[in-house]
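Comments concern the structure below.
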Amino acid sequence: MVRAAHPTQIYEAYTMVLTPSMMMPLGTVAPDFTLPDAVSGKMISLSKIKGELGTLVMFICNHCPYVVHLQSALGQLSQDYLNSGIAIVAINANDIIEYPADSPEKMTAFAQQNGFQFPYLFDETQAVAQAYQAACTPDFFLFDSELKCVYRGQFDDSRPGNDKPVTAHDLRAALQALIHHQAIDSHQQPSMGCNIKWKKP
């Protein structure tokens, strides 16, 4: 079981903007969860949807410019890996009282607009985000067939305003290695983005 970030750490980070991934230790077993899907309305459990070869868990939201920067590429990624043996799921854990743009209703529209072929779940209590030590949007966690973490890092090195193309190079390299039973480079660059909008104490 992943140790959740201490509440003090969470709330100290509350006002930060550009935040890196906390880089879950490789080999960590993915914490299970059951959360509502904003698109289908169904309750989705990790244990039920995990992929035969692996599972990608992404923490995203609707309004963060770092996610918006990747939104069409996320939709393309989900289509490209639809029948690959890799399950993909996204989770929004933001405080929707302070950030209504991330409400479940707007999550539905965001997913449909970008052609997401994966469940887009709402973590209202933020307990799942804390269990994963998720820190930013986007934050990516790739697990193997035994739900052990093999990659946690950036989508690619494109960021809003740096003029680098969005390619998903880093994440796709990890996905391809996992599919083909190849070793994944343990030297991984952290994802960066807006901090998760934690509820105030």
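Readers should treat all values here as calculations from the given coordinates under stated rules, not as data from a laboratory. What you see is a predicted model; the values in this text were computed from it and never measured. When we count neighbours, we look across all protein chains shown, and the Cβ atoms used for this are built from the backbone with ideal geometry, even at glycine.
Go through the residues of segment 97-105 one by one and say whether even a single one is aromatic (Phe, Trp, Tyr), out of contact with any strand residue (DSSP E or B) (no Cβ under 8 Å at 6 or more places or on another chain) and not in a strand (DSSP E or B). Break it down stepwise before answering.
First, the residues of segment 97-105 that are aromatic (Phe, Trp, Tyr): 99.
Filter once more, keeping what is out of contact with any strand residue (DSSP E or B) (no Cβ under 8 Å at 6 or more places or on another chain): 99.
Applying the additional criterion that residues be not in a strand (DSSP E or B) yields 99.
Yes, segment 97-105 has at least one match.
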Return only the number of the condition from (1) closer than 19 Å to Gln133 by Cα; (2) part of a loop (DSSP other than H, G, I, E, B); (3) within 15 Å of the chain's Cα centre (by Cα); (4) among the hydrophobic types (A, V, I, L, M, F, W, C) that Phe116 does not satisfy. (1)
Any residue that is surrounded by fewer than 18 Cβ atoms within 10 Å (Cβ to Cβ) and under 27 Å from Ser186 (Cα atoms) - is there at least one of those in segment 85-96? yes
Which listed residue is in contact with a Phe, Trp or Tyr (Cβ under 9 Å, 6 or more places away or on another chain) and not small (Gly, Ala, Ser), from Pro36, Pro25: Pro36
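Right, Pro190: out of contact with any helix residue (DSSP H, G or I) (no Cβ under 8 Å at 6 or more places or on another chain) and surrounded by 15 or more Cβ atoms within 10 Å (Cβ to Cβ) or not?
On the way: out of contact with any helix residue (DSSP H, G or I) (no Cβ under 8 Å at 6 or more places or on another chain): yes; surrounded by 15 or more Cβ atoms within 10 Å (Cβ to Cβ): yes.
Yes: the conditions hold for Pro190.
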Would you mind finding the one in Val57, Val39, Val29, Val68 that is more than 16 Å from Phe140 (Cα to Cα) and among the β-branched types (Val, Ile, Thr)? Val39
